[in-house]
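See below for the structure under consideration.
The values are calculated or read from the model by the stated rules, or taken from the named source; none is laboratory data. Please read all numbers here as calculations on a predicted model, not as lab measurements. So basically every Cβ, Gly included, is an ideal-geometry build from the backbone, and we count neighbours across all protein chains shown.
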Amino acid sequence: MHKVRNIIFAQLVASLLLSGCSGYKVLSSGVMVDGDPTYYNEESQIVLDVFGDYTRYNEDTENGFSTTKLDRLDKKLLRKLKVPKHAKALFSGTPDTQPFYNIVALVEQNNIDQNSSRYQGYKQYMEGNHLLYYYNKCELMNKRIYHAIIPRATANIHLLYYQNTDDECVYCDIERLAKMNSYSPERKEISYPSTTFSAPDAAEIVQIEIPQRKKADHLGIVKFYDTSNLMLLGFSVIEGNQNTLTFSLPPGNYNWKYTTLNGRILAEDTLTIQY
């Protein structure tokens, strides 16, 4: 009997743990590349504008943004704010430079019901007679919170901002971030920064063969940099059986990197186009 009780108790604990962790799954195929202040998700046709210091997550500094997971605190705050659990996370993290704060972005497919008790107390951020987004300011779990909900034609974008209550830069950047993405239209086609330059007389067509391209079902990124200043010139997202890319490049010295979506380098090489 004692053994049966232990089994039942263990099952109950496991059930509670699973229920507490469910919800807010991360939307797959999200792309963020250092040097390009944009979040892309071609599969779900979502593009969000971000700031230049929203870089990939760095394990050493513990700053930057992840497109693959949420922190436990992220989920706790989302639950307390009654954000629907079916909302899918896009990215979460902290800027690479001060002021430091946390941002979680999500997409919710259902339209906002203004009469729902979930959003009572939310204010409207207006520009003239035009509604940009809904927002709520509060304090939870010793964090200063700003929750913005941007209505779009087919979905809502949630931006959860939180910082320590003693931070001096109160609500830094969040209103500007929400406004930027309120102006951005929904896009049926997503294009990445191109590495095709307007130099028709001097440009050379270059084909890159990507080594270690084995899996047919995973996404990868090929990034091009100018070696003289390490500036990102552009990138392409590859998928399926694709293992070659063609670029039109003017004379110069270049470095290209083939990485996972998380930024792990799988292959890289240099390339020189003679004058």
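Below are the figures for this structure:
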| item | result |
| --- | --- |
| Test: residue in region 84-93 that is modelled with pLDDT of 95 or more, buried (at least 19 other Cβ atoms within 10 Å of the Cβ) and farther than 16 Å from I46 by Cβ | yes |
| Residue selected from region 149-169 under the condition modelled with pLDDT of 90 or more and of a type in the set (D, E, K, R), by the criterion nearest to the chain's Cα centre (by Cα) | D167 |
| Only one of E186, E209 that is under 28 Å from E42 (Cα atoms), among the acidic types (D, E) and at pLDDT below 85 | E186 |
| Residue that is over 30 Å from Q120 (Cβ atoms), in the same structural domain as N136 (by TED's automatic domain parsing) and surrounded by 14 or more Cβ atoms within 10 Å (Cβ to Cβ), where the choices are D74, D36 | D36 |
| Qualifying residue in region 122-137 (condition: out of contact with any strand residue (DSSP E or B) (no Cβ under 6 Å at 6 or more places or on another chain), hydroxyl-bearing (S, T, Y) and either within 18 Å of Y24 (Cα to Cα) or surrounded by fewer than 20 Cβ atoms within 10 Å (Cβ to Cβ) (or both)) | no |
| Whichever residue in region 39-83 is within 28 Å of T154 (Cβ to Cβ) and of a type in the set (G, A, S) and, among such residues, is farthest from the chain's Cα centre (by Cα) | S44 |
| Contacts under 6 angstrom Cβ, first residue in region 141-154 being within 11 Å of L77 (Cα to Cα) and assigned by TED's automatic domain parsing to the domain that holds E127, partner among the aliphatic types (A, V, I, L, M) and part of a strand (DSSP E or B), 6 or more apart | H147/L160 |
| Some residue of region 112-129 being under 23 Å from C172 (Cα atoms) and within 19 Å of the chain's Cα centre (by Cα) | no |
| Hits in region 233-256 (condition: surrounded by fewer than 17 Cβ atoms within 10 Å (Cβ to Cβ), in a strand (DSSP E or B) and not hydroxyl-bearing (S, T, Y)) | N253, N255 |
